[in-house]
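A short write-up of the structure that comes next.
The values are calculated or read from the model by the stated rules, or taken from the named source; none is laboratory data. Note that the coordinates shown come from a computational prediction; the quantities given were computed from them, not determined experimentally. Positions of Cβ are generated from backbone atoms using ideal geometry, with glycine treated the same way; all protein chains shown enter the neighbour counts. Quick note on the areas: whole protein, heavy atoms, side chains included, nothing else; ligands and nucleic acids left out. Shrake-Rupley method; radii C 1.70, N 1.55, O 1.52, S 1.80 Å.
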Amino acid sequence: MDLHLVDIIISLLTLTAMEIVLGIDNIVFLSIVVGKLPKEQQASGRTIGLLAALGFRIGLLFTVSWLASLTNGLFQVGNFTVTGRDLIMLGGGLFLIAKSTSEIHHKMEEGETDLDTGSSPSFLNVIVQIIILDIIFSVDSIITAVGLSGNLMVMVLAVVISLVIMLIFSGKVSDFINEHPTMKILALSFLIMIGVMLFADGLHFHIPKGYIYFSMAFSLLVEFINMRVRKANQSP
């Protein structure tokens, strides 16, 4: 097999896996937000949200020169050089922290009242929230992809494959999170942690993503054990 073709295949597999891993954050947020819609609108909300993510990411790939400029300094604050990417990470981190904290407060203090009182958010409002987070996560993942591969078509194909895979599994993930209240709180806690990571990244304090994903995996394992114990205790 041609060595050039082998390099392309390896690059494609690597980028696809990276996009899927980085897209986990997006799916968790999407599941929380779409879960506030009426049941009959949730599937279309997930589909439109992920298709919007696909459109943004492919669009960003065709603006590589603009993406490169995001890492250039805009202004100085003392010895700290602020870039366009920093501003996006700072704003995105604060948005995630505020949104997730608000959702936890709603769950703990008021309960699930939105759907019962008919005050659930509009479909457009949910889509706008998803698009805002898509932009934030897309910038970070696409900048990483550009650094790993210089082949535009490989990057586009990796983004398309990863989004198709996420679209296939997003429904099951969303239903699972929304059917288990403790899992929903755990997912919101993950989003706060991701928001803190984004905010820290905007301040040039880089927290290795491996630490974040390990803590998420460990917390999920503990929660799955708790769910099995609760189910066993409820059995006659």
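Checking Val154, Val173, Val146 one by one, the residue that is aliphatic (A, V, I, L, M), out of contact with any Gly (no Cβ under 8 Å at 6 or more places or on another chain), surrounded by 15 or more Cβ atoms within 10 Å (Cβ to Cβ) and at pLDDT below 65 is Val146 and no other.
Looking only at residues of region 70-91 that are hydroxyl-bearing (Ser, Thr, Tyr) and modelled with pLDDT of 80 or more, we find that the one that is surrounded by the fewest Cβ atoms within 10 Å (Cβ to Cβ) is Thr81. Among residues of region 170-182 that are in contact (Cβ under 8 Å) with a residue 60 or more places away in the chain and more than 17 Å from Lys231 (Cα to Cα), those with a beta-carbon under 7 Å from a residue that is open to solvent by 50 Å² or more (accessible area, probe 1.4 Å) and part of a helix (DSSP H, G or I) at least six positions away or on a different chain give the pairs Gly171/Ala43.
Going residue by residue through region 15-22, is there one that turns out to be open to solvent by 70 Å² or more (accessible area, probe 1.4 Å) and at pLDDT 75 or above? No, region 15-22 contains no residue that is open to solvent by 70 Å² or more (accessible area, probe 1.4 Å) and at pLDDT 75 or above. Pairs meeting the criteria (first residue in region 75-96 and over 11 Å from Leu198 (Cβ atoms), second residue open to solvent by less than 60 Å² (accessible area, probe 1.4 Å) and of a type in the set (Asp, Glu), beta carbons under 9 Å, at least 6 apart or on different chains) are Phe80/Asp86. Right, Leu198: open to solvent by less than 70 Å² (accessible area, probe 1.4 Å), touching a Lys or Arg at 6+ places or on another chain (Cβ under 9 Å) and either among the aliphatic types (A, V, I, L, M) or in a loop (DSSP other than H, G, I, E, B) (or both) or not? Judged against the criteria, Leu198 is not a match.
Ile168 meets each of the listed conditions (1) in contact with a helix residue (DSSP H, G or I) (Cβ under 9 Å, 6 or more places away or on another chain); (2) loosely packed, with under 15 Cβ neighbours inside 10 Å apart from (1).
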